[in-house]
1. For segment 105-279, what % of the accessible area comes from carbon and sulfur atoms, probe 1.4 Å?
2. I'd like to check one number: the per residue accessible area of segment 105-279, probe 1.4 Å, reported in Å² as a whole number.
3. Please compute the net charge surrounding Asp87, taking Lys and Arg as +1 and Asp and Glu as -1 over other residues with Cβ under 13 Å from its Cβ.
4. D for segment 125-169, whole µm²/s, Stokes-Einstein with Kirkwood Rh over alpha-carbon pairs at 4 °C and 1.567 mPa s: what number?
5. Please list, short to long, the whole-number percent of alpha-carbon pairs of segment 105-279 in consecutive 5 angstrom bins beginning at zero.
Amino acid sequence: MAAADELAFHEFEEASNLLAETPDAATARGSDQLTPQGHVAVVVDSGGSCGAEEEAEESDRTALLQEEKQQPGFWTFGYYQSFFDVDTSQVLDRIRGSLLPRPGHNFVRHHLRNRPDLYGPFWICATLAFVLAITGNLTLVLAQRRDPSIHYSPQFHKVTVAGVTIYCYVWLVPLALWGFLRWRKGVRERMGPYTFLETVCVYGYSLFVFIPTVVLWLIPVPWLQWLFGALALALSAATLVFTLWPVVREDTRLVAAVLLSAVVLLHALLAVGCKFYFFRPLPLEHLAPSLQAASLPPKLLLSPTPRAKTT
């Protein structure tokens, strides 16, 4: 007890001595420090600090509420707006990745990076459809210049046929592939399939190589056309195979081989079908009447016309 009184008296004595040495000192209200005159006393208001902390907590709470905001439904425009939020550099990088496939280079991991877009696939499919229709008509125009007996009329229906074919292929085939991989994931737990939009994105960018190939098909040399088509098919199919291999390799060898073979076969059917439909050299419905007459048997051409009876 005595020690406590001595401690308190000692503190009071130090304060008295300090006031005696500095008679011009003044105390600042709201603090326990002595401040000589001529100096600025900085007093921290405890109420202000509490207000700043409350504002920081309020801002953090607002940010959390914005992050937890409910995502728009898939039937709204806002849901699909994020899939078109890409810049030109990203689209060009993904196009380069589809044109230069190599083993061990996963298109989804190295180019999409968990951010699939629909902007690139949409415009690639639209461009390919229009290029197919235009070059298909130009093939008949060039054939007519070489052979004036060929009759040409614009075939606008090819735009519709090309658009429906390309867009159905890019959406329906990835849908079937994604559904199959999801089903196999239940059988093989180690399998981790890509999302549906990632699969659509890979298929869309894989078709870009066919755009310059279709333009080169205007060269009227059949073996050169097939060579360009084979190169384009090899590059496009390699992009799909190298991207799907990390997923299907966890399955059995038979399932992996059948699945990859089906992917390549469907891709080849698309390329060959477009080649035969849009680049037919001489469609029968556009032949001139003289050529149609030349194809008739000689007996029909040389048959005499009946004479009118005279009375």
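The values are calculated or read from the model by the stated rules, or taken from the named source; none is laboratory data. Keep in mind that what you see is a predicted model, and the values were worked out from it rather than measured. Ideal geometry is used to build each Cβ from the backbone, glycine not excepted, and the neighbour counts take in all protein chains shown. SASA here: full protein model, heavy atoms, side chains in, ligands and nucleic acids out. Shrake-Rupley method; radii C 1.70, N 1.55, O 1.52, S 1.80 Å.
1. Working: 6310 of 8790 Å².
So the carbon and sulfur contribution to the accessible surface is 72 percent.
2. 50
3. Details: positive: Arg94, Arg115; negative: Asp85, Asp93, Asp117.
Summing Lys and Arg as +1 and Asp and Glu as -1 gives -1.
4. Estimated via Stokes-Einstein, D reaches 117 µm²/s.
5. 1, 8, 16, 19, 17, 13, 10, 7, 4, 3, 1, 1, 0
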